[in-house]
Amino acid sequence: MLATGLLLAVIKEGWMSSSLMLLKGSVCYGRIYKGDFVVEYRGDLISSEENERRLRVYHDALKGFMFDFIWNGKFWSIDAARDDGSLGRLVNDEHISPNCKMKRIIVDGKPHLCLFALRDITSGEEITYNYGVADCPWRTKVSIFLNH
């Protein structure tokens, strides 16, 4: 497990942790242990008002990169629509058996959304977490009836 002091240093220095180096895309290369820091969901920290403004102008493909949360009694978002090379924005949803959990940590008075391993993750395994919203279109089962 990444020690708290090292985790804070990693956040401040741009996420050059050993856990991050184990990732390429959203697949684990190496081994990540239960409780380990995996990756930060990085982007612009924006207010709910700015979130609404951006959602009006963004193409539908970019809207899925908004991560909404409550902090200090207000709604905030991390907007990861801009590809800055970080990997947290590429981690996929898995609502049945995710291997990571998103946690909010505060560093220098600002929130950071970080994924931590829920269990040991083996090499070659996809990194996943539960997005927490029930209306994700890929979760809907579609029945196709063929008329012959």
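Filter the range 29-72 for residues that are basic (K, R) and under 30 Å from R119 (Cβ atoms); which is modelled with the lowest pLDDT? Looking at the filtered set, the residue picked out is R31. Name the residues in the range 118-128 that are open to solvent by less than 10 Å² (accessible area, probe 1.4 Å) and either assigned to a strand (DSSP E or B) or hydroxyl-bearing (S, T, Y) (or both), would you? Matches in the range 118-128: I121 only.
Within the range 26-72, the set of residues being aliphatic (A, V, I, L, M), within 14 Å of D83 (Cα to Cα) and open to solvent by 50 Å² or more (accessible area, probe 1.4 Å) comprises A61, L62. Residues of the range 98-112 that are among the aliphatic types (A, V, I, L, M) and either out of contact with any strand residue (DSSP E or B) (no Cβ under 8 Å at 6 or more places or on another chain) or modelled with pLDDT of 95 or more (or both): V107 alone. Quick one: is D84 acidic (D, E) and within 13 Å of the chain's Cα centre (by Cα)? Answer is no for this residue. Scanning the range 90-99 for residues that are surrounded by 15 or more Cβ atoms within 10 Å (Cβ to Cβ) and more than 26 Å from L55 (Cβ to Cβ) returns a single hit, N99. The set of residues from the range 73-89 being within 18 Å of H112 (Cβ to Cβ), loosely packed, with under 15 Cβ neighbours inside 10 Å and not charged (D, E, K, R) comprises F75, G85.
The values are calculated or read from the model by the stated rules, or taken from the named source; none is laboratory data. This structure is a prediction, so every number in the text was calculated from the model and none was measured. Cβ: placed from backbone, ideal geometry, glycine included. Neighbour counts: every protein chain shown. Ligands, DNA and RNA are excluded from the accessible area calculation, which covers all protein heavy atoms including side chains. Shrake-Rupley method; radii C 1.70, N 1.55, O 1.52, S 1.80 Å.
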